[in-house]
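Read-outs: derived from the displayed coordinates by stated rules, not from any lab. The structure presented is a predicted model; accordingly, all values stated were derived computationally and were not measured. Glycine also receives a Cβ, built like all others from the backbone with ideal geometry; neighbour counts cover every protein chain displayed.
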């Protein structure tokens, strides 16, 4: 009786998971990412790591590009109401760049844990990914930041809580 | 063949050190060769010790734990350069799957080492090993371990007594069964509290922990213990020295990489494998000796 109930709950959980999850192969993942009639410029870099090579974890040295640019400035199209997060997902999918994010229920927003296998706290305890819109840092999550046409979005890796990329707000 | 475990006859201090070393190396060092040695050594020794019971432990507890670990790691860790497929935009990587696989085997090995430890380290051995150093703690520990089977048997006694009164735990509505269960549990807890106080009082009045005391079973640290301890210690020091120089290390994230194979890494792997299989080697050697001696009678 109890065993059956446990099995039923287990099967329900698994089927719920498979229904709610979107599973794609790497080829599908790069295609059909949507878009829109608006464009913005996006770049991803970890130049600050180059100045802090002593703090970098030894295992991560292989993922750092020589010039620190993970993705050069690229035009990305998007539709009205889409956020910095949507654009990052689209760009990383198109370019097949590794990216891991995490939904933080406490702030009801998305946190970018790592891009191209470079993760938060890989380069000192104050390091992690942050973003700037038109050269300005914002103090809320990237999935709440609605973009406008022509915006310049920079994803930057900071080694000093955003101070070294100008994204820190006092 | 006559099955006897001569490994457990060694001095408890040596046995504790042996298990501590194998478990720590298994947990700390990340390398498939060491993991495989530890896993197979502990598995075979457990089967030798417990026979058929070992299989029920392996299939009912260890295997589910291992499968859970294998699933959970790639589901929550998306590190790694080789994306196999994507779930909700997060990559499921080959590295995460392999790391899950490796930690599953590591976890299985550690559980089996502890299970073998439980099998051969009886309470009196534990009290012998720590009685002088930490009398209060070792008594509490041995009482707590002894307490679990006693608790179970007392619960069975009480529920049988209540069944004869017509208050069966397995019949009636759920609410009634819960109420009966709580009655049994509360009486058992009361008994347990009283019992532990009584035992502690009895031990105090016998002068436990006041001075030098003898143990139920005496273990001398004899020549045999000295030889085996020296051999294992030498092997362990070798292993630790080579491991400290990172000769056996595997990197999982962001990509899988091995350190180059050197003479040091081969020696480490061989020595650690011998240490993991030492209980079995000793038991088989003693069994052969026993057969040989009895055959001459």
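Quick notes on this structure:
- Restricting attention to the protein assembly as shown, close to 85% of DSSP beta bridges with both partner residues there are antiparallel.
- Based on C-alpha pairs under 8 angstrom that are at least 6 apart in sequence, segment B:132-205 has a relative contact order of 25 percent.
- C-alpha long axis of helix A:84-95 to longest principal axis of chain A, angle in °: 90 degrees
- Residue-averaged 222 nm ellipticity for chain B, from DSSP H runs of 4+ at -39500 (n - 2.57), nearest 500: -24000 deg cm²/dmol
- Calculated FRET efficiency for the pair residue B:173/residue B:17, C-beta based, R₀ 60 Å, to 0.05: 0.65
- Separation of alpha-carbon centers, segment A:106-170 and segment B:220-278, rounded to whole Å: 45 Å
- Computed FRET value (nearest 0.05) for residue B:270 with residue B:88, which takes r as the C-beta separation and R₀ as 41 Å: 0.35
- Peptide-level mean, for B:257-267, of C-beta atoms on other protein chains within 10 Å: 0
- Separation of segment B:8-37 and segment A:1-74, taken as the distance between their Cα centroids, equals 38 angstrom.
- Rounded to the nearest 10 degrees, the angle from helix A:2-20 to the longest Cα principal axis of chain A is 40 degrees.
- Estimated FRET transfer efficiency (residue A:9, residue A:94; beta-carbon r; R0 45 Å; 0.05): 0.70
- For chain A, calculated [θ]222 nm from helices alone, where every DSSP H run of n ≥ 4 adds -39500 (n - 2.57): -7000 deg cm²/dmol
- Highest GNM mean-square fluctuation among B:229, B:138, B:153, for chain B modelled with Cα contacts below 10 Å: B:153.
- Within segment A:34-165, DSSP assigns beta bridges of which about 85% are antiparallel (rounded to the nearest 5).
- Averaged over residues, the count of other Cβ atoms within 10 Å places the peptides B:234-246, A:6-18 in the sequence B:234-246, A:6-18, highest first.
- Over 41 Å [Cα-Cα, the protein assembly as shown], rounded percent: 45 percent
- Within 10 Å of each Cβ in A:62-73, the average number of Cβ atoms from other chains: 1
- Hull shadow area, averaged, segment A:34-165 [alpha-carbon convex hull, nm²]: 7.7 nm²
- Counting Cβ atoms of other protein chains within 10 Å of each Cβ in A:18-25 and taking the mean gives 3.
- Take every Cα pair under 8 Å whose residues are at least 6 apart in sequence, average their separation, divide by the length of chain B, and the relative contact order is 29 percent.
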